[in-house]
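The values are calculated or read from the model by the stated rules, or taken from the named source; none is laboratory data. In this text the structure is predicted, and so the values were computed from the model without any measurement. Neighbour counts run over all protein chains shown; Cβ positions are idealised from the backbone, glycine included. Keep in mind that these areas ignore ligands, DNA and RNA; they rest on the heavy atoms of the full protein, side chains included. Shrake-Rupley method; radii C 1.70, N 1.55, O 1.52, S 1.80 Å.
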Amino acid sequence: MANEILEEHIQNEYKWGFTTNIDTDEAPKGLNEDIIRFISAKKNEPEWMLEFRLKAFRNWQNMIEPTWAHVSYKKPDFQDIIYYSAPKPKKELASLDEVDPELLKTFEKLGISLEEQKRLSGVQSNIAVDIVFDSVSVKTTFKETLAEKGIIFCSFSEAVQDHPELVKKYMGMAVPPTDNFYAALNSAVFTDGSFCYIPKGVRSPMELSTYFRINASGTGQFERTLIIADEDSYVSYLEGCTAPQRDENQLHAAVVEIITHKNAEVKYSTVQNWYPGDKDGKGGIFNFVTKRGICLEDNSKISWTQVETGSAVTWKYPSVILKGNNSVGEFYSVAVTNNYQQADTGTKMIHIGKNTRSTIISKGISAGFSNNSYRGLVQIKKGASNARNFSQCDSLLMGDKCGAHTFPYIEIKDKSAIVEHEATTSKIGEDQLFYCKQRGIDNEKAIGLIVNGYCKEVLNKLPMEFAVEAQKLLAISLEGSVG
Amino acid sequence: MISIKNLHASIGDKEILRGINLEVKAGEVHAIMGPNGSGKSTLSSVLAGREDYNVTEGEVTFNGKNLLELSPEDRAREGLFLAFQYPVEIPGVSNVNFLRTAVNEIRKYHGQEEMPAKDFLALVKEKSKLVELDAKLASRSVNEGFSGGEKKRNEIFQMAMLNPKLAILDETDSGLDIDALRIVATGVNKLKSKDNATIVITHYQRLLDYIVPDFVHILYKGRIVKSGGKELALEMEAKGYDEIKAQFERIES
Ligand SMILES: Nc1ncnc2c1ncn2[C@@H]1O[C@H](COP(=O)(O)OP(=O)(O)OP(=O)(O)O)[C@@H](O)[C@H]1O
Ligand SMILES: [Mg+2]
């Protein structure tokens, strides 16, 4: 399964732009309390869940869409979106289990044989996957293997049914329903997502992964992911996403929450490849996502690694609240924008506990007419003695019609803090390109090499199979952007 | 191998090459000397296809092909190699990965399969030995943080890996210590065959003690103003360029 998913990822142009013809079970367009009741009823939810949703919805109604991000777009019409679209069961399982020969061919064209892919990923089946198709989780693999270790890995809906005490306890802890406009919207209408609980003392024997795909037209995707790492546990979590090529903009407003207990560590990696719109800026996904983790207890660690190549407009700040003493937060990011894409992304590191440490490495790459902004907040609260942060924000420009911006915010309330910030902006060098060409490497390949080299610090943080995929994606996203 | 006829090239409206004529045959070594700013690096850049320069007149034939019509990468794939006077750093890209890409791109151009990883690594080993390149340098990022001499040695290592038909060495000797100079020169000599040719650009006759040229040319103000055998280099070293300059100025006026 993991391989199929990777195959689907590693393709030319936006080859992910296919739609799958499957019957869907949809809610009528629009948003009101009845729709929320409809979703909740469809999912057979307990009363407390419906209450959570309605409360969030009432909150959301009094909120206004924020405008501080360095992006401009036509505001979504929230009454023109379908909030629930589920593939009818039976058929879609078959369609996801088969490997489309066309996909395999493209895969071959990219020069990656299945064998090589297998070799790189060690064993073929070392990733457990949860697949979220439009709004509903359709398949979670390796559930049983994981269950033997006491790991719970299932769809969010199942968790609500089977582990209500955990969901109730942790949901909204890192991202309260009132947090921001899109988090509130998500809390009201989320339809599914992944849930993961790693019990005390367990290291997950495999990478866990969620694969998101928006398929139906006119739908929004509002999934929720909740990851809880109990004391002394570890998990590495991967998230991948694609969407069909459509002329209209589609909204993706997800919430991801991570909670780590004492000595626990969660590594969360994303390769985001939502449809970015065409070269004139038509269509594409609006990606307005709230991702946040809390290092709840001492010596815990949360690490976000992201490679962002897709979406028309991206707006996301995977953050860490460092509450436990000695806890560690990390953010490694590559954000690529080409054509008319816009990205405003970065992180927040909130230091509350003593001796907390955070590292931020952000690599922005802008090409075409795109705009790429880094926005980051490092906050050292009073009492967070000996907190340390190191931030490095690099921007790489390709051509002279694109923009790169850096908005670092630093708030220090404790004198013992050490905060370092470095920023560079560079242009891809003609000298470098010529040097590559003189060795027989053409423009496209040269850009691929140089860009991958530039992003190496971040790519190195990705699990092997994801890193390979990310490298190809970077090259593909920047095709035709220089020279 | 290469035949350059009346080559003129300019940057902006400044003419830098003003009618170069040069014929290099397989198996030969040619040395080009000349004062700073005379156009030696410009000549090598123009031959390698750097887009900043406009070729305004003349023709260049490389192994029967019109060189000036080829893209820079195709010139390289046809077997033209330039050891840069100032090698470029490419952060984050390992030398080995860089060369593997280059080797396979060149093979692809000639309709050959990719080189198996095992063979490639064996080749790296063999060639790094040839130029006595520290194995650590082969796996480090291309030229990043290399010392001046290491960069030059790395150029010759790359040359050994790519096995070009015509290699142009632009002041590869400058910045090398005596031992490195000998090592690099020995490497170049070992790579020499009756099927390839070398153009050595240098300021110092010393290099030519190791790499013995068949012809020496003096470039001045964008033209080859004097050619001769290896003794011409000795003569220049002894007398300097004054005489040439004076003579040339007379012709000009
Ligand atoms: N990009 C450029 N813009 C303007 N002038 C240039 C450019 N490149 C070269 N020139 C000029 O062309 C002339 C020839 O330069 P070139 O580098 O070819 O000399 P050289 O013979 O290699 O000198 P050296 O021995 O110092 O390496 C010089 O006057 C130089 O300033
Ligand atoms: Mg020069």
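So which residues in segment A:389-402 are closer than 20 Å to A:GLY329 by Cβ and surrounded by fewer than 19 Cβ atoms within 10 Å (Cβ to Cβ), if there are any at all? Selection gives A:PHE390, A:GLN392. Among the residues of segment A:306-342, those identified as of a type in the set (Ser, Thr, Tyr), closer than 25 Å to A:ASP280 by Cβ and outside any strand (DSSP E or B) are A:THR309, A:SER311, A:TYR340. Against the list (1) open to solvent by less than 80 Å² (accessible area, probe 1.4 Å); (2) away from ligand 1 (no atom under 16 Å from the Cβ); (3) touching a Gly at 6+ places or on another chain (Cβ under 7 Å); (4) under 23 Å from B:ARG75 (Cα atoms), the condition B:SER141 fails is (4). For segment B:119-127, the count of residues that are exposed (fewer than 14 other Cβ atoms within 10 Å of the Cβ), acidic (Asp, Glu), within 14 Å of another protein chain (Cβ to nearest Cβ) and farther than 19 Å from B:ILE168 by Cβ is zero. Of everything in segment B:48-64 that is within 16 Å of ligand 1 (Cβ to nearest atom) and of a type in the set (Val, Ile, Thr), the residue that is farthest from the other protein chains (Cβ to nearest Cβ) is B:THR56.
Can you tell me which residue in segment B:192-207 is farthest from B:THR172 (Cα to Cα), limited to those that are open to solvent by less than 30 Å² (accessible area, probe 1.4 Å) and away from ligand 1 (no atom under 16 Å from the Cβ)? Out of the qualifying residues, it is B:ASN196.
Summed over segment B:48-99, residues that are of a type outside the set (Ser, Thr, Tyr), more than 16 Å from ligand 2 (Cβ to nearest atom) and part of a loop (DSSP other than H, G, I, E, B) total 8. Scanning for something in a loop (DSSP other than H, G, I, E, B), within 14 Å of chain A (Cβ to nearest Cβ) and away from ligand 1 (no atom under 16 Å from the Cβ), does segment B:166-178 turn up at least one residue? No, segment B:166-178 contains no residue that is in a loop (DSSP other than H, G, I, E, B), within 14 Å of chain A (Cβ to nearest Cβ) and away from ligand 1 (no atom under 16 Å from the Cβ). With respect to the conditions (1) open to solvent by 30 Å² or more (accessible area, probe 1.4 Å); (2) more than 9 Å from chain B (Cβ to nearest Cβ), A:VAL458 falls short on a single one, namely (1).
Here is a check on your reading of the model: is A:SER194 open to solvent by less than 10 Å² (accessible area, probe 1.4 Å), of a type in the set (S, T, N, Q), under 23 Å from A:GLU148 (Cα atoms) and modelled with pLDDT under 90? Yes: the conditions hold for A:SER194.
Would you be able to say whether some residue in segment B:65-84 is small (Gly, Ala, Ser), within 16 Å of ligand 1 (Cβ to nearest atom) and surrounded by 14 or more Cβ atoms within 10 Å (Cβ to Cβ)?
There is at least one residue in segment B:65-84 that is small (Gly, Ala, Ser), within 16 Å of ligand 1 (Cβ to nearest atom) and surrounded by 14 or more Cβ atoms within 10 Å (Cβ to Cβ).
Annotation: of all residues in segment A:377-422 being touching a strand residue (DSSP E or B) at 6+ places or on another chain (Cβ under 8 Å) and small (Gly, Ala, Ser), the one that is farthest from A:THR359 (Cα to Cα) is A:GLY403.
Conditions tested, residue by residue: (1) within 13 Å of chain A (Cβ to nearest Cβ); (2) within 16 Å of ligand 1 (Cβ to nearest atom); (3) free of Cβ contacts under 8 Å to residues at least 24 places away in the same chain; (4) open to solvent by less than 60 Å² (accessible area, probe 1.4 Å).
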position: B:ARG100; (1), (2), (3), (4): yes, no, yes, no
position: B:PRO116; (1), (2), (3), (4): yes, no, yes, no
position: B:ASP134; (1), (2), (3), (4): no, no, yes, no
position: B:LEU181; (1), (2), (3), (4): no, no, no, yes
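Annotation: of all residues in segment A:414-452 being of a type in the set (Asp, Glu) and surrounded by 13 or more Cβ atoms within 10 Å (Cβ to Cβ), the one that is farthest from the other protein chains (Cβ to nearest Cβ) is A:ASP414. Within segment A:351-371, the set of residues being crowded, with 24+ Cβ neighbours inside 10 Å, among the β-branched types (Val, Ile, Thr) and more than 28 Å from A:SER72 (Cβ to Cβ) comprises A:THR356 only. Scanning segment B:154-179 for residues that are of a type in the set (S, T, N, Q), open to solvent by 10 Å² or more (accessible area, probe 1.4 Å) and away from ligand 2 (no atom under 16 Å from the Cβ) returns a single hit, B:ASN163.
Selection of segment B:145-165 for residues being within 14 Å of chain A (Cβ to nearest Cβ), more than 13 Å from the chain's Cα centre (by Cα) and within 16 Å of ligand 1 (Cβ to nearest atom) yields only B:LYS151. The set of residues in segment B:211-253 that are of a type in the set (A, V, I, L, M, F, W, C), within 24 Å of the chain's Cα centre (by Cα) and under 27 Å from B:VAL184 (Cα atoms) comprises B:ILE211, B:VAL212, B:PHE215, B:VAL216, B:ILE218, B:LEU219, B:ILE224, B:LEU232, B:ALA233, B:LEU234, B:MET236. Against the numbered list (1) over 17 Å from the mean Cα position of the chain (by Cα); (2) not in a loop (DSSP other than H, G, I, E, B), B:LYS194 comes up short only at (2).
Residue by residue, here is whether (1) of a type in the set (Asp, Glu); (2) modelled with pLDDT of 95 or more; (3) not in a helix (DSSP H, G or I) holds:
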| residue | (1), (2), (3) |
| --- | --- |
| A:LYS415 | no, no, yes |
| A:ALA423 | no, no, yes |
| A:SER426 | no, no, yes |
| A:GLN432 | no, no, no |
| A:LYS437 | no, yes, no |
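Just so you know, in segment A:461-482 the residues that are more than 14 Å from chain B (Cβ to nearest Cβ) and not in a helix (DSSP H, G or I) include one that is modelled with the highest pLDDT, and it is A:LEU462.
The set of residues in segment B:2-47 being polar (S, T, N, Q), more than 7 Å from ligand 1 (Cβ to nearest atom) and in contact (Cβ under 8 Å) with a residue 60 or more places away in the chain consists of B:ASN21, B:SER44. For segment B:4-47, the set of residues classified as among the small types (Gly, Ala, Ser), more than 14 Å from chain A (Cβ to nearest Cβ), surrounded by fewer than 23 Cβ atoms within 10 Å (Cβ to Cβ) and within 16 Å of ligand 2 (Cβ to nearest atom) consists of B:GLY37, B:SER38, listed by residue number. Of the listed requirements (1) modelled with pLDDT of 90 or more; (2) open to solvent by 60 Å² or more (accessible area, probe 1.4 Å); (3) in contact with a Gly (Cβ under 9 Å, 6 or more places away or on another chain), B:ILE90 misses just one: (2).
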